[in-house]
1. Given the criteria acidic (D, E) and closer than 16 Å to V109 by Cα, does E185 qualify?
2. Given (1) out of contact with any helix residue (DSSP H, G or I) (no Cβ under 9 Å at 6 or more places or on another chain); (2) more than 20 Å from A93 (Cα to Cα), where does Q130 come up short, assuming only one miss?
3. Would you point out which residue out of I184, I190, I177 is touching a Ser or Thr at 6+ places or on another chain (Cβ under 8 Å) and in a strand (DSSP E or B)?
4. Please go through region 82-103 and pick out each residue that is crowded, with 18+ Cβ neighbours inside 10 Å and in contact with a His (Cβ under 7 Å, 6 or more places away or on another chain).
Amino acid sequence: MRRTSACTCNLSMHTARSALLLQSTSTISKPIYNFSSSTCQPPPLRPTREARSSALSDRPSIATDLVNTENMSATNSLPTLSLEAAKVAAEAAQEKAKQMGIDFNIALVDSTTHLLHFIRMPAAKLTSIQTAIDKAFTAAGHRVPTSTYTNSPAAKNFQPGGPAYGIHNTNGGRFCIVGGGLPIEVDGRIVGAIGVSTGTPGQDEEVAKAGVEAVGRWKGRREGAKL
């Protein structure tokens, strides 16, 4: 009698364990995502290579986004002194030199600082040839008279101890800080420069000024013509 009761009790416990195990197994096997639910969606699929290429081709490039190149040119127009205008300046400077009774070296460069025209009067100093060219080079490249570095309120900046001291050693030593080089301006643009050398810096600049003024007068007579 006792053995029958014990068997019945063990059978009931075994049945309960089996039911609990089946319940746990069915719970674990349920899907993580309920696709029928509006609040839980399946993970997105990775787009194909074709889809990615199509999306990229539809987007404008970064360069197009930042810069509108439709009306842009691949080149810039740089006004420059013509040979005719350079000769006008040289002749006027030479005439001024004759009035002063001094022979000078007279150099004309264009807006790119390259030599355009040169005159060496008979008694001009041979050692001043390159100086005249370098004065014109400096005036055109830096777009201010070369006397700026020695005879102006800003000159202290180019003297020993100044923040720009040593500038005369730049450009292979061609940067000239001696007066006598003047930029030539037409319609508000620097188109070239004249450099004069042999006399004192003041005399050189006086002759150079005659050349600059002659270009202005010549341009006035030929208004609208290319210099």
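Rule-based calculations on the coordinates, nothing more; no lab input. Note that this is a predicted model, so its numbers are computed, not measured. Please note: Cβ atoms are built from the backbone with ideal geometry, for glycine as well, and neighbour counts cover all protein chains shown.
1. Numbers: acidic (D, E): yes; closer than 16 Å to V109 by Cα: yes.
Yes.
2. Unmet condition: (2).
3. Numbers: I184 fails: touching a Ser or Thr at 6+ places or on another chain (Cβ under 8 Å); I177 fails: in a strand (DSSP E or B).
It is I190.
4. If the condition is that a residue be crowded, with 18+ Cβ neighbours inside 10 Å and in contact with a His (Cβ under 7 Å, 6 or more places away or on another chain), then A86, A90 are the ones that fit.
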